[in-house]
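Report on the following structure.
The values are calculated or read from the model by the stated rules, or taken from the named source; none is laboratory data. Just so we're clear, the structure is a prediction, and the values are computed from it rather than from any experiment. Cβ: placed from backbone, ideal geometry, glycine included. Neighbour counts: every protein chain shown. We work out accessible area using only protein heavy atoms, side chains counted, and drop any ligands, DNA or RNA first. Shrake-Rupley method; radii C 1.70, N 1.55, O 1.52, S 1.80 Å.
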Amino acid sequence: MAVALTLSAGVWAQPTSLRLECNDIFSVWNKRVVEAYAALGVEVECVDMPWARGAQNLASGLLDGTAIRAKEFGDQFPNLVRVEPPVTVFTILLYKRKGEDIDHRNWRSHSIVSLRGSVLSDQLLVGLDSHRAGSVEVGLKQLSAGRVDLLLGDTLAVPKAIEELGVTNVEPLYPPVATYPMHHYLNREYGDLLLPISQQLMERQALE
């Protein structure tokens, strides 16, 4: 199980570079993490890939960490450590086709598509008629075409896909289903970086 940051009194063996999963959807927060490392003299290579493949590469140690994932993400990866504080907090919404009689009281009785590899989504949809898509775009197309009733997603990736695909028959359903803190994760072998990178992230939040 991944653990939160603990203070370590060891010598900081600073690496010169890291390879992090940096999904392009979250470019603003990827940049925050990259800049925090730059202040420490550590160069970050961002590797953009689908969520599921990114999880596989993190599990096998092919990547040094991930710029931003859900708080519970690291529970399934003993080689990862969750860095505090959160990089940001996401709002999770359901999206439906316009005109459909679905609201916050009855959404659980409808079919829902979510992103494959999302621990957060899996927890929210336990016991429901849920399906997995390899990308936000695929899930959005399924919703728009009527193959599912709802899409579970955030307030960034889904609106971006709606605009890029020119989808006109989909709208968000309020109120939000949940809010989730999103964290940076780092491979345990870089444990001496935890305190310095945590301090950098806190300093950046204090300036907001």
So, for the chain, what is the accessible surface per residue at a probe of 1.4 Å, expressed in square angstrom? 48
For segment 92-155, the dipole about the Cα centre with charges only on Cβ (Lys and Arg +1, Asp and Glu -1), to the nearest 20 debye, works out at 120
Measuring from its Cα centre, the chain shows a charge dipole (+1 at each Lys and Arg Cβ, -1 at each Asp and Glu Cβ) which, in debye to the nearest 20, is 400
What percent does the relative contact order of the chain come to when contacts are Cα pairs within less than 8 Å and at least six residues apart? 32
Mind checking which of ASP122, ASP64, ASP103 has the largest fluctuation in a GNM of the chain, springs on alpha carbons under 10 Å? ASP103
In the chain, which longest range has no trypsin sites (Lys or Arg not before Pro) that are both DSSP loop (not H, G, I, E or B) and surrounded by at most 13 other Cβ atoms within 10 Å? 1-97
Answer in debye to the nearest 20: the dipole magnitude of segment 95-208 about its Cα centre, from +1 Lys/Arg and -1 Asp/Glu charges placed on Cβ, is 320
Within the accessible area of the chain (1.4 Å probe), percent carbon and sulfur: 51
Out of the DSSP beta bridges found with both residues in the chain, what percent are antiparallel (nearest 5)? 65
Rank HIS110, ILE25, VAL89 by how far each Cα sits towards the positive end of the charge dipole of segment 13-170 (+1 on Lys, Arg Cβ; -1 on Asp, Glu Cβ) and give me just the farthest. HIS110
Could you tell me which label, among (1) 121; (2) 159; (3) 175, carries the value of volume of the Cα convex hull per residue in Å³ calculated for this structure? (1)
Using 1/(1 + (r/R0)^6) with R0 = 45 angstrom and r between the beta carbons of ASN106 and THR16, what's the FRET efficiency to the nearest 0.05? 0.25
How large is the accessible surface of CYS46 in square angstrom, using a 1.4 angstrom probe and rounding to the nearest 10? 60
